[in-house]
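A quick write-up on the structure given underneath.
The values are calculated or read from the model by the stated rules, or taken from the named source; none is laboratory data. What you see is a predicted model, and the numbers here were worked out from it, not measured in a lab. In this analysis, Cβ positions are derived from the backbone assuming ideal geometry, glycine residues included, and neighbour counts consider all displayed protein chains.
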Amino acid sequence: MASSNHYPQHIALANPKSPITEAYRMIRTNLQFAGVAEETKVILVTSSEPGEGKTSTISNLAIVTAQSGKRVLLIDADMRKPQIHQRFQTSNLDGLSNLLIQERKLEQCIMYSGIDNLFLLSSGPIPPNPAEMLASSAFADLMKWARGEFDYIYIDAPPILAVTDALVLTRVADGTVLVVDAQRTNRNMAQRAVGMLRQVEARILGVVLNRVPRKSAGYYYYYYDSGVQGGAHASTEGH
Ligand SMILES: Nc1ncnc2c1ncn2[C@@H]1O[C@H](COP(=O)(O)OP(=O)(O)OP(=O)(O)O)[C@@H](O)[C@H]1O
Ligand SMILES: [Mg+2]
């Protein structure tokens, strides 16, 4: 098990007892409950606009899920602004993009994170046609394989309103979590993103409100969207 000193950037490791880490555990548990009704193994995390906290949310969620003893694969499908390799300090020479064009083998690309049960597939070199790659049968085959190997597969994606990638990814995911920056995202943008997800008949698992000011949030704050599972917040004090 890697010590938290290796990953000060992940609050779930740096401060496992903080209310924020506890909030991530709550989200994990809600996602596990969602799996009772319908398979919820492949979870897509996206947002309406850039910078709302997708990568921070998915990284911490993947960590607390792995810590619960589940085998987890975290895929960086944000092939426009990949960040997972930086957060986990791994190489990005071998990853999703060169795996999909069969330039690399699976075993070269799936990396152990150094955290028990957590495996990473970084984006690989940025390709010119991310949306096409994510719509390819090679990607569908990869996901089929991953479903057999892992308990949970988390997919980090670009924002919905910018490019089609996230909507394309909903086809392989069992559900989508929408991260909303509580301080910046306006209601219109979030609603547009939800509307687009509904249009492609994505199963929206819930909304994670990120950067909720402590005052309004208290330690725990839940936001329920469309009667599905609610998400917990991560406050401004950490990520
Ligand atoms: N709750 C938070 N408190 C403080 N800083 C945060 C919080 N959430 C995210 N950040 C910081 O904000 C920046 C953007 O967050 P992050 O990279 O997670 O967003 P993103 O949605 O993945 O962005 P992009 O659209 O560029 O991929 C990062 O520097 C991150 O460390
Ligand atoms: Mg990101």
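Quick one: would you say Arg147 is away from ligand 1 (no atom under 16 Å from the Cβ) and charged (D, E, K, R)?
On the way: away from ligand 1 (no atom under 16 Å from the Cβ): yes; charged (D, E, K, R): yes.
Considered against the rule, which asks whether it is away from ligand 1 (no atom under 16 Å from the Cβ) and charged (D, E, K, R), Arg147 comes out as yes.
Could you list, in sequence order, all residues of region 37-73 that are away from ligand 1 (no atom under 13 Å from the Cβ), of a type in the set (A, V, I, L, M) and in contact with an Asp or Glu (Cβ under 8 Å, 6 or more places away or on another chain)?
Hits for region 37-73 are Val42, Ile43, Ala66, Val72, Leu73.
Out of all the residues in region 167-219, which are away from ligand 1 (no atom under 14 Å from the Cβ), free of Cβ contacts under 8 Å to residues at least 60 places away in the same chain, in contact with a Leu (Cβ under 9 Å, 6 or more places away or on another chain) and in a helix (DSSP H, G or I)?
Passing the criteria: Leu167, Val168, Val194, Met196, Leu197, Gln199.
Just one of the numbered conditions (1) near ligand 2 (Cβ under 9 Å from one of its atoms); (2) more than 20 Å from Ser18 (Cβ to Cβ) is not true of Gly53; which one?
(2)
Tell me which strands (runs of 3 or more DSSP E) are completely within region 68-137 and hold 1 or more residues being in contact (Cβ under 8 Å) with a residue 12 or more places away in the chain and among the β-branched types (Val, Ile, Thr), or say none if there are none.
Numbers: elements: 72-76, 110-112, 118-121.
In region 68-137, 72-76, 110-112 are the strands (runs of 3 or more DSSP E) which contain 1 or more residues that are in contact (Cβ under 8 Å) with a residue 12 or more places away in the chain and among the β-branched types (Val, Ile, Thr).
Applying the selection to region 138-154, what residues are assigned to a helix (DSSP H, G or I) and not charged (D, E, K, R)? Break it down stepwise before answering.
Kept after step one, since they are assigned to a helix (DSSP H, G or I), are these residues of region 138-154: 138-149.
If the condition is that a residue be assigned to a helix (DSSP H, G or I) and not charged (D, E, K, R), then Ala138, Phe139, Ala140, Leu142, Met143, Trp145, Ala146, Gly148 are the ones that fit.
In region 68-103, what residues are surrounded by fewer than 18 Cβ atoms within 10 Å (Cβ to Cβ) and within 19 Å of Val163 (Cβ to Cβ)?
Residues satisfying the conditions are Arg80, Lys81.
Take region 122-179 and flag every residue that is more than 12 Å from Arg80 (Cβ to Cβ), within 16 Å of ligand 2 (Cβ to nearest atom) and either under 14 Å from the mean Cα position of the chain (by Cα) or modelled with pLDDT under 95 (or both). If you could, list the steps in order and put the result at the bottom.
Just the residues of region 122-179 that are more than 12 Å from Arg80 (Cβ to Cβ), to begin with: 122, 124-125, 132, 135-155, 160-161, 167-179.
Still in the running and within 16 Å of ligand 2 (Cβ to nearest atom): 122, 124, 154-155, 160-161, 169, 176-179.
Passing the criteria: Ser122, Tyr154, Ile155, Ile160, Leu169, Thr176, Val177, Leu178, Val179.
If you take the residues in region 25-50 that are more than 16 Å from ligand 2 (Cβ to nearest atom) and not in a helix (DSSP H, G or I), which one is nearest to the chain's Cα centre (by Cα)? Break it down stepwise before answering.
The initial filter retains those residues of region 25-50 that are more than 16 Å from ligand 2 (Cβ to nearest atom), namely 25-42.
The next check asks that each one be not in a helix (DSSP H, G or I); those that pass are 38-42.
Details: Glu38: 19, Glu39: 17, Thr40: 13, Lys41: 12, Val42: 10 Å.
Among those that are more than 16 Å from ligand 2 (Cβ to nearest atom) and not in a helix (DSSP H, G or I), it is Val42.
Taking the condition within 19 Å of Thr46 (Cα to Cα) and away from ligand 1 (no atom under 16 Å from the Cβ), does Arg104 pass?
Details: within 19 Å of Thr46 (Cα to Cα): no; away from ligand 1 (no atom under 16 Å from the Cβ): yes.
Criteria not met by Arg104.
Looking at Thr40, Thr65, Thr29, can you tell me which residue is among the polar types (S, T, N, Q), at pLDDT 95 or above and buried (at least 21 other Cβ atoms within 10 Å of the Cβ)?
On the way: Thr40 fails: buried (at least 21 other Cβ atoms within 10 Å of the Cβ); Thr29 fails: buried (at least 21 other Cβ atoms within 10 Å of the Cβ).
Unique residue meeting the criteria: Thr65.
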